[in-house]
Amino acid sequence: MPIETWRVRAGIGFTSLLFSGLVACAHDRAPQLYGVGISEGTSVGWCNTSPPDVSCSDLEYLAPAETVIQAVARGDVDNDGDEDILVVLEQGGDRAQASQRQLLLLRRDEHHRLSKALINPEAIPCSTCGGMMGDPLQDIRIEPGEILFRFEGGSRELWSSQYRFEYARERKLWLLTSIVHGGIDRVDGNSAERRLTPIDFGEVSMATFSSEDYPADALP
C-alpha cells in the first residue's frame, strides 16, 4: 500500500475514534478530510503549500532572523471584537524539521494596529515529531478569547493532544485551561483518553508553554 494512502487511512480511523471531524495532514499539508467537527473557528492557513492556503508575504518582516513563516491563523484571541493573528515560525536551514517551532502572537490595539503580544520558541513541536504520521501540527482553532492547538502522531500507537488556552483579561495572559490526550493501539484496538485541568498542571501561560512538557500519555 502506498505510504500516503496508508497515512490517510490511519488518520481517518484514529480521528473517528477519538476526535472526529478533524483535519488529517502530513508535512506537505494533505487535503482536508473533514469539513466539520472542530467548528467554524478553525482559521489556520499553510504558507508552505503549492499553492499556499494563505498569503504570508505581508507578515514576513515580523519573522525573527533565520526563521520562515509556515502557518497563519486569524481570529479574536482576546475577545475584543477585532482580528488578531497567530503565526507559526520554523527555523530555516538544515535544522528546520528537527527544531521546535515558534509561536508569534500579534494583537491589535485600540487603533487596530498589530503589535507583538508574545513569542514562544517552544510552543509547537517540530515538523517531524509526529513519527510515521508526519507533521504533528493538525490544527489551530481560534474563538473569541480562546485558542486551541491540536497535535497528532505515532505509528503503531497513535496519539493526539489538544491544548486549550483562554484569555485572562485582567492579567493580559493566555492561560492553559485544559489538556486532552488520546491514544489508540492499531494492533489490539485498545484506546484511551486522559483529560487534565489546572488542578493537574497548575498555572501555565502560553508565553512559556512547551508541548514537550505535556506529552500525550493516554495509553499505559
Picked from the range 198-213 (must be assigned to a loop (DSSP other than H, G, I, E, B) and out of contact with any strand residue (DSSP E or B) (no Cβ under 6 Å at 6 or more places or on another chain)), the residue nearest to L137 (Cα to Cα) is T208
Residues in the range 119-145 that are more than 16 Å from the chain's Cα centre (by Cα) and modelled with pLDDT of 90 or more total 2
Taking the conditions exactly as written (under 14 Å from the mean Cα position of the chain (by Cα) and buried (at least 17 other Cβ atoms within 10 Å of the Cβ)), does L103 satisfy them or not?
yes
In the range 135-193, anything in a strand (DSSP E or B) and polar (S, T, N, Q) is listed as Q138, S160, S161, Q162, T177, S178, S191
By residue number, the members of the range 145-167 that are of a type in the set (S, T, N, Q), under 12 Å from H181 (Cα atoms) and surrounded by fewer than 24 Cβ atoms within 10 Å (Cβ to Cβ) are Q162
**OP:** Return yes or no: is T128 under 19 Å from E203 (Cβ atoms), surrounded by fewer than 21 Cβ atoms within 10 Å (Cβ to Cβ) and touching a helix residue (DSSP H, G or I) at 6+ places or on another chain (Cβ under 7 Å)?
**Re:** no
Just one listed residue, out of S191, S160, is in contact with a strand residue (DSSP E or B) (Cβ under 8 Å, 6 or more places away or on another chain), within 27 Å of D84 (Cα to Cα) and among the hydroxyl-bearing types (S, T, Y), and it is S160
Result of the Cβ filter at 6 Å on the range 44-56, keeping first residues that are within 16 Å of S127 (Cβ to Cβ) and buried (at least 18 other Cβ atoms within 10 Å of the Cβ) and partners that are among the charged types (D, E, K, R) and modelled with pLDDT of 85 or more, at least 6 apart or interchain, is V44/D139
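The values are calculated or read from the model by the stated rules, or taken from the named source; none is laboratory data. None of these values were measured; they are calculated from a predicted model. Cβ atoms come from the backbone with ideal geometry, glycine included; neighbour counts cover every protein chain shown.
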